[in-house]
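Here's the structure we're looking at; comments come further down.
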Amino acid sequence: MPGLDETRQFVPLKIAVLTVSDTRELADDKSGNTLVERIRAAGHVLAERAIVKDDVKAIRQRVKAWIADKFIDVVITTGGTGFTGRDVTPEAVEPLFEKRMDGFSTLFLLVSEKKIGTSAIQTRASAGVANATYVFCLPGSPGACKDAWDEILLHQLDYRYRPCNFVEILPRLDEHLRRGKAKGAKT
């Protein structure tokens, strides 16, 4: 049965949040705020936060800088995953992936379908691993961010979650880089 193993010690991750929007600023960034609140409530560290316009170059530049930062374990983007002409987050971020996490997209679709029915098909949420950093691209609505965090990321980004989680394999993602990440996680 999946759940928390209280005998294991919590390992706080360093998480960066990127809001992709032509119209948002920190003061009215509800999706970014939703993620920041949940990251902190879970006991993780907000490493950085930024907002960039819906522009492939700007998005890719910010994500590349964060995945190059040895301090950051996880990058979560919100916004730009729809079908309109300005929705370019997957095009900007997915070329950076060394490994795609197709299961995240599928699970997010299943979670979303329970909440919004067939409208869930309108997302291009995606995830992958880039430079030993987990990257999750979420839709730009607070509800989608809440669902992704509460139903998936909260568990998978907790070292205590069994039978397995992303944290316990994080130190092995960078075997080829020999870089120490997720201090405290034992493999």
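Structure values in brief
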| item | result |
| --- | --- |
| Amide proton proximity set for TYR161, modelled H, under 5 Å, gap of 5+ | ASP5 |
| Fewest-first ranking of THR19, THR106, using other Cβ atoms within 10 Å as the exposure measure | THR106, THR19 |
| Equivalent ellipsoid semi-axes, the chain, via Cα gyration tensor eigenvalues times 5, rooted, Å | 25, 19, 15 |
| Cβ-placed point charges (K, R +1; D, E -1), dipole of the chain about Cα centre in debye, nearest 20 | 500 debye |
| In segment 25-125, GluC sites (Glu not before Pro) in a DSSP loop with at most 15 other beta-carbon atoms within 10 Å | GLU25, GLU98 |
| Per-residue Cβ neighbour rank within 10 angstrom, fewest leading, ILE121, ILE116, ILE51, ILE76 | ILE121, ILE116, ILE51, ILE76 |
| Pairwise label distance in nanometres, ALA68 with ASP28, each label 7 Å out on the Cα-Cβ vector | 3.3 nm |
| Vicinal HN-Hα couplings computed from phi for segment 89-102 (Karplus, 6.51 cos²θ - 1.76 cosθ + 1.60; Hz; Gly/Pro x) | 4, x, 5, 6, 9, 4, x, 7, 5, 7, 9, 7, 10, 4 |
| For SER141, SER112, order by how many other beta-carbon atoms lie within 10 Å, fewest first | SER141, SER112 |
| Total formal charge among the other residues, if their Cβ is under 9 angstrom from that of LEU18, Lys/Arg +1 and Asp/Glu -1 | +1 |
| Cα centroid separation, segment 1-44 to segment 116-178 (Å) | 11 Å |
| Loop GluC sites (Glu not before Pro), segment 130-178 (other Cβ atoms within 10 Å of the site Cβ: 12 or fewer; DSSP) | GLU175 |
| Distant-in-sequence amide H partners of GLU98 (H built 1.01 Å from N, under 5 Å) | VAL129, ALA130, ASN131 |
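Bear in mind that the values in this text are calculations on the coordinates, not laboratory data. If you're wondering where the values come from, they're calculated on a predicted model, not measured in any experiment. Positions of Cβ are generated from backbone atoms using ideal geometry, with glycine treated the same way; all protein chains shown enter the neighbour counts.
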